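To start, the structure under review is shown below, and the notes come after it.
The values are calculated or read from the model by the stated rules, or taken from the named source; none is laboratory data. Note that the structure is a prediction, hence the values are computed from the model and not measured. In this analysis, Cβ positions are derived from the backbone assuming ideal geometry, glycine residues included, and neighbour counts consider all displayed protein chains. Note: accessible area is taken over every heavy atom of the protein model, side chains too, but ligands, DNA and RNA are not part of it. Shrake-Rupley method; radii C 1.70, N 1.55, O 1.52, S 1.80 Å.
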Amino acid sequence: MTKRIIYILLCSICCFSCVQLASEVKSWVELNENDDIFGKYHHLSEEGIKLFLPEVFKKYSLVAYQEELDSLLDEKAYKHELHRLNVLKSMDGNFYIFFDEDTKSTYTLNTLPYTPLYKRDAQFILGMIRKRHEAETKNMNASFEKVTAKYNSSNGVQLFKVIYKINYKDHPVDIYSTSYIISSNKKTVMINLTTPFDVYFDPFIQKTIL
């Protein structure tokens, strides 16, 4: 696992995004393990990657997403999230943003230099993520707890997933930050999903084509 990939992870796990202001929950957030899922593919032609997302997610440019943030967040939260996005954008590879306006949920994807992902790497990353959460929550008047973390390797796909619940004491809505790292077919991507609820998103991730 390269230092660059680890750095990206550490800069992406704590965020305000727009989820503090969500007021509705739509069908994609109510899925259970055995439910059928509906959505559409987004073809990232430059990467040869296909993402499967709920239809409510729309692709945003960084500028358009910044405008969305500016209209929804206070100054402190806006600066915090803008810094996170700029770090992600500045890394090697390409950066994509998808946003669900209804639930104020954000999906981002970074393409990374190909790196096989092993269980020993996942354990190290999890420890580093926790340290990063400790630093972030100390400065932002917030607390956090790990919901789940797992590593899986099957059929040539290596996947690490971790979910953290973040409670900002000055805001009424908790944030769930879900990070996936996927290595397959000589490609590696990092996906981050931020939502104002705990959601079973794995079926959409499983349809990702690298």
By the C-alpha gyration tensor axes a ≥ b ≥ c (rounded if a/c is under 1.5, else prolate when a/b exceeds b/c, else oblate), the shape of the range 83-210 is prolate
Longest segment of the chain with no trypsin sites (Lys or Arg not before Pro) in a DSSP loop having at most 11 other Cβ atoms within 10 Å?
-> 1-168
With at most 16 neighbouring Cβ atoms within 10 Å, loop GluC sites (Glu not before Pro) (DSSP) excluded, longest segment of the chain | 102-210
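With the cut-off at 23 Å, tell me which of the pairs K59/K104; K76/K138; K40/K89 have Cα atoms farther apart than that. Provide the component values of the computation, followed by the final result.
Details: K59/K104 13 Å; K76/K138 15 Å; K40/K89 25 Å.
Pairs exceeding the cut-off: K40/K89.
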Which value, in Å², gives the accessible area per residue of the chain when a 1.4 Å probe is used on the protein heavy atoms?
-> 48
Assuming a ≥ b ≥ c are the square roots of the Cα gyration tensor eigenvalues, decide whether the range 23-160 counts as rounded (a/c under 1.5), prolate (otherwise, with a/b larger than b/c) or oblate.
-> rounded
Nonlocal amide H pairs with G39, under 5 Å, H built at 1.01 Å | none
Any idea which of S71, L85, F160 is furthest toward the positive side of the dipole for the chain, if Lys and Arg beta-carbons carry +1 and Asp and Glu beta-carbons -1?
-> F160
How large is ³J(HN,Hα), in whole Hz, for each residue of the range 186-191 in order, when computed from phi with the Karplus curve 6.51 cos²θ - 1.76 cosθ + 1.60 and θ = phi - 60°, using x for Gly and Pro?
-> 6, 10, 10, 10, 10, 10
By a straight-distance test (C-alpha under 21 Å), which lysines pair with K119 as possible cross-link partners, with residues fewer than eight away in the same chain excluded?
-> K3, K131, K146, K150, K161, K186, K187
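Membrane-span-like helices in the chain: DSSP H runs reaching 20 Å or more (Cα, own axis), mean Kyte hydropathy at least 0.0?
Helices meeting the criterion: none.
Can you compute the helix-only [θ] at 222 nm over the chain? Use -39500 (n - 2.57) per DSSP H run of at least 4 residues, normalise by all residues, nearest 500 deg cm²/dmol.
Rounded to the nearest 500, the figure is -9000 deg cm²/dmol.
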Relative contact order of the range 63-150, defined on C-alpha pairs under 8 angstrom at six or more residues apart (%) | 15
Carbon/sulfur accessible area of the chain, % of total, 1.4 Å probe, equals 46
